[in-house]
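Peer 1: Shown below is the structure under consideration.
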């Protein structure tokens with residue numbers, strides 16, 4: 001039987017999903033990227049390979065997320081697509097009536113509006129990572145709370161501390177101030193969750209019509225506190241799928257299925273070395289950063305030149 | 001006094017027309033500014049206030065580059081927004097850096113003081129002749145018109161070129177030949193030769209052509225380096241691009257256009273909002289009515305007139321159900337972010353068409 005692999009390589013975590021001919025998930029995996037997408041993907045594929053039943057053969061690979069281009073090249077993927085489209089396709093396959101997708105990941109956050117199964121509008125955070133997962137996790141570390149317990153702790157507060165929602169620098173100084181005047185940890189944590197929601201709605205969600213049904217996904221959707229404040233502030237039902245963190249990977253797997261060329265992939269990449277070497281081109285005063293991608297010490301692609309010299 | 005050297009900032013291919021004009025009316029050397037590169041921007045950013053808009057940084061960078069190449073006279077254009085006052089600041093920055101150059105501004109605060117400019121020009125060239133200047137000014141006006149017609153055709157069709165790069169090459173050839181013309185007759189002949197050649201280039205057009213309109217702040221729209229070659233990226237998705245903002249429009253048609261149109265669009269805009277904000281709102285309505293597949297609005301960060309136009313444009317596009325994207329460019333925008341959003345924009349449009 002045929003199956004298709006979708007990989008979503010984000011800044012913080014790497015997600016992999018294997019689907020069958022009916023676009024149903026056979027197996028999935030979620031690991032930390034830890035700053036090395038190549039190593040993470042090797043690890044991810046090793047685990048996935050173990051979990052795919054013997055009689056399945058991989059007929060397509062799709063990659064998405066911020067390292068999609070590099071990993072797509074490494075795996076010879078048949079589809080390499082941006083995370084906005086991937087998330088929309090993935091969510092629609094599970095929830096065909098969805099109108100609004102709220103997504104908060106490690107470094108970015110986005111909103112996707114859907115009408116009759118078609119993306120009609122979207123936005124992505126610009127300039128800074130305020131109100132994303134990496135900010136939450138660094139603050140969790142500051143407060144010495146494991147990130148997994150963060151959401152539960154927030155739910156126990158009845159009086160969330162007011163924390164500036166505009167920018168992480170302000171949020172952080174506000175947070176320190178609230179701690180120093182003696183607010184309890186749960187109130188601070190709850191305030192932080194609330195500020196994430198307000199920040200999201202003021203930045204990414206600005207001017208967008210948020211209509212039900214609403215789906216919340218991305219790593220931060222696992223945080224119960226953030227979910228609570230989304231419901232409270234939007235004053236409507238917000239659902240989180242148990243697979244909410246896998247939607248990008250699922251979407252790209254489905255796209256890879258649709259665009260399958262019939263080629264078979266063996267997934268033997270454990271021993272292949274994959275390296276990127278960066279250098280500055282001195283050809284003109286643009287000083288482009290040239291990235292050379294080597295597979296087993298053999299140059300396979302070059303990126304980054306403005307003039308197309310490479 | 002020895003021959004003076006003149007330099008000016010650049011936007012798109014228009015530096016060529018400026019070069020043609022000044023080299024013919026003044027007995028002076030014209031310095032061709034190097035192409036805008038990262039170095040230009042670094043220079044501009046280094047000596048600019050941080051929150052000034054990017055056209056200021058780009059043009060200051062080029063001015064410093066031409067001064068470095070020996071320019072004694074620099075020419076700058078003002079605009080209808082706060083850019084109209086920027087030359088004062090640039091002049092100050094350049095003098096503070098210790099460069100003793102003559103700084104001429106052709107349009108300040110939206111007005112051209114011809115008497116003052118003639119005084120300056122006479123200072124540069126004692127034998128400056130007004131008659132000759134008028135003759136070449138008219139010739140340059142036609143040249144810009146032809147340039148814009150050719151580029152408009154290229155923008156609409158370059159995405160479907162069979163052999164990539166042919167159109168751009170012919171366009172550059174044409175621009176170089178323009179520099180040598182002496183009469184309108186010659187200019188027209190070259191224009192006809194090249195527009196025919198360009199129109200004869202083989203195209204591979206799909207059944208449905210995706211039409212995208214680009215509107216926004218004029219410098220960012222017209223200088224490809226400042227919008228990270230947005231038009232080139234869009235052409236890669238086989239899109240046909242329309243943009244109305246070009247030099248011949250801004251310099252010669254804008255005033256009439258607004259005057260004629262603004263009353264009919266009073267539902268959306270009643271007043272002149274400064275710079276091109278009003279024009280862009282009117283264009284957005286027109287493009288929505290004509291059934292464009294999408295609109296992209298670009299501006300440099302902190303561009304106040306365009307910020308006020310954005311919410312109106314957003315409303316117009318919602319009303320007509322046309323997808324719209326907004327981009328703000330600064331000197332440090334990442335190209336990857338732009339590509340991700342454009343790809344999603346393209347996917348969205350494709351999904352709608354299905």
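Here, each number is a calculation from the coordinates, and none is a lab measurement. Here the structure is a predicted model, which means the values were calculated and not measured. Here the Cβ positions follow ideal geometry from the backbone for every residue, glycine too, while neighbour counts run over all protein chains shown.
Peer 1: Give me Rg/Rg_expected for the range A:1-158, where Rg uses Cα atoms only and Rg_expected = 2.2 N^0.38 Å with N residues.
Peer 2: With N residues counted in the range A:1-158, Rg over 2.2 N^0.38 Å equals 1.13.
Peer 1: Which order do peptides B:334-344, B:242-252, B:198-208 fall in by mean Cβ count within 10 Å, highest first? Intermediate values should be presented prior to the final figure.
Peer 2: Numbers: B:334-344: 17.2, B:242-252: 19.0, B:198-208: 10.9.
Descending mean neighbour count gives B:242-252, B:334-344, B:198-208.
Peer 1: Can you give the Rg to Rh ratio of the range B:51-106, both from alpha-carbon atoms, with Rh computed by the Kirkwood formula?
Peer 2: So for the range B:51-106, dividing Rg by the Kirkwood Rh gives 0.94.
Peer 1: To the nearest µm²/s, what D does Stokes-Einstein give for the protein assembly as shown at 20 °C and 1.002 mPa s, using the Kirkwood radius over alpha carbon pairs as Rh?
Peer 2: This corresponds to a translational diffusion coefficient of 77 µm²/s.
Peer 1: Taking the Cα centroid of the range A:1-77 and of the range A:205-284, what is the distance between the two, rounded to the nearest whole Å?
Peer 2: If we compute the Cα centre of each part, the gap is 12 Å.
Peer 1: Which whole-number value in Å³ per residue fits the convex hull of the alpha carbons of the range A:216-310? List each step's numbers first, then the result.
Peer 2: Details: hull volume 22.2 nm³, N = 95.
Per-residue hull volume (Cα only) is 233 Å³.
Peer 1: Whole percent per 5 Å bin, from 0 to the bin with the longest distance: what is P(r) over all C-alpha pairs of the range A:112-254?
Peer 2: The percentages, shortest bin first, are 2, 10, 18, 23, 20, 14, 8, 4, 1, 0, 0.
Peer 1: Principal axis extents for the range B:78-128, Cα atoms only, whole Å, descending order, please.
Peer 2: Projected onto the principal axes, the Cα atoms of the range B:78-128 cover 34, 29, 9 Å.
Peer 1: If you don't mind, another one. Modelling each spin label as a point 7 Å along the Cα-to-Cβ direction, I'd like the residue B:307/residue B:354 distance in nm, to one decimal.
Peer 2: 3.9 nm
Peer 1: Which value in nm describes the separation of the simple spin-label points at residue A:237 and residue B:99, placed 7 Å from the Cα toward the beta carbon?
Peer 2: Between residue A:237 and residue B:99, the label points sit 6.5 nm apart.
Peer 1: Would you mind ranking B:128, B:329 by Cβ crowding within 10 Å, fewest neighbours first? Before the final figure, lay out each step's value.
Peer 2: Details: B:128 18, B:329 22.
Least to most surrounded, the residues fall as B:128, B:329.
Peer 1: Using a Gaussian network for chain A with springs between C-alpha atoms less than 10 Å apart, which of these wobbles most: A:54, A:81, A:110?
Peer 2: A:54
Peer 1: Mind checking B:338-348 for the average number of partner chain beta-carbons within 10 Å of each residue's beta-carbon?
Peer 2: 6
Peer 1: On average, how much area does the Cα convex hull of the range B:271-354 cover when viewed from any direction, in nm²?
Peer 2: 5.9 nm²
Peer 1: If you don't mind, there's one more thing I want to ask. Pick from B:223, B:50, B:65: which residue has the top mean-square fluctuation in a GNM of chain B where Cα pairs under 10 Å get a spring?
Peer 2: B:50
Peer 1: Another question about this same structure. Using a Förster radius of 56 Å, what is the FRET efficiency between residue A:292 and residue B:115 based on their Cβ-Cβ separation? Nearest 0.05, please. Display every interim value, and only then the final one.
Peer 2: Working: r = 59 Å, r/R0 = 1.06.
So, using R0 = 56 Å, E works out to roughly 0.40.
Peer 1: Starting from the Cα gyration tensor of the range B:141-205, take the square roots of the eigenvalues, sort them a ≥ b ≥ c, and report rounded, prolate or oblate (rounded when a/c is under 1.5, otherwise prolate if a/b is larger than b/c, else oblate).
Peer 2: prolate
Peer 1: Continuing with this model, one more query. Residues of A:116-122, mean number of Cβ from any other protein chain within 10 Å of their own Cβ, rounded to a whole number?
Peer 2: So the per-residue partner count for this stretch is 5.
Peer 1: Computed from the mean reciprocal separation of all distinct C-alpha pairs, what Kirkwood hydrodynamic radius does the range B:3-76 have, in Å?
Peer 2: Kirkwood radius, the range B:3-76: 12.5 Å.
Peer 1: Sorted from largest down, what three extents in whole angstroms do the Cα atoms of the range B:5-128 have along their principal axes?
Peer 2: Extents along the principal axes: 42, 30, 28 Å.
Peer 1: With a/c under 1.5 counting as rounded, go ahead and sort the range A:173-247 into rounded, prolate or oblate using the C-alpha gyration tensor (a ≥ b ≥ c being the square roots of the eigenvalues; past the cut-off, prolate if a/b is larger than b/c, else oblate).
Peer 2: prolate
Peer 1: Next up: Whole-Å semi-axes of the range B:206-354's equivalent ellipsoid, largest first, each the root of 5 times a Cα gyration tensor eigenvalue?
Peer 2: Each semi-axis is √(5λ); the values are 24, 19, 14 Å.
Peer 1: Could you tell me which of rounded, prolate or oblate describes the range B:105-151, using a ≥ b ≥ c as the square roots of the eigenvalues of the alpha-carbon gyration tensor, with rounded for a/c under 1.5 and, failing that, prolate when a/b is larger than b/c and oblate otherwise?
Peer 2: Oblate shape, in that a/c is at least 1.5 and b/c is the bigger or equal ratio.
Peer 1: With viscosity set to 0.692 mPa s and temperature to 37 °C, compute the Stokes-Einstein D of the range B:307-349, Rh being the Kirkwood radius across alpha carbon pairs; µm²/s, no decimals.
Peer 2: Rounded to a whole number, D works out at 277 µm²/s.
Peer 1: Would you mind checking the radius of gyration and Dmax of the range B:167-287 based on alpha-carbon positions, in Å?
Peer 2: 17.4, 48
Peer 1: Quick one: what does P(r) look like for chain B with 20 Å bins over all Cα pairs, in whole %?
Peer 2: Going from the shortest bin to the longest, the percentages are 28, 59, 13, 0.
Peer 1: Set the Förster radius R0 to 41 Å, insert the Cβ-Cβ distance between residue B:193 and residue B:126 as r into 1/(1 + (r/R0)^6), and round the FRET efficiency to 0.05.
Peer 2: The computed FRET efficiency comes out at 0.60.
Peer 1: In percent, how large is the relative contact order of the range A:96-240, given Cα pairs closer than 8 Å and 6 or more residues apart? Each step should come with its number before you reach the end.
Peer 2: Details: 242 pairs, mean separation 44.7, N = 145.
So the answer I get is 31 percent.
Peer 1: Shifting gears a bit: How shielded is A:280-290 by partner chains, expressed as the average number of their Cβ atoms within 10 Å of its Cβ atoms?
Peer 2: Details: counts 0, 0, 0, 0, 5, 10, 8, 4, 2, 0, 0.
Mean shielding count: 3.
Peer 1: Can I ask one more? Relative contact order for chain B: what percent, with Cα pairs under 8 Å and sequence separation of 6 or more?
Peer 2: 16 percent
Peer 1: For the range B:69-117 and the range B:162-189, what is the separation of their C-alpha centers, rounded to whole Å?
Peer 2: 30 Å
Peer 1: Please give the per residue volume of the convex hull enclosing the alpha carbon atoms of chain A, rounded to a whole number of Å³.
Peer 2: Values: hull volume 48.7 nm³, N = 310.
Given the Cα convex hull of chain A, per-residue volume reads 157 Å³.
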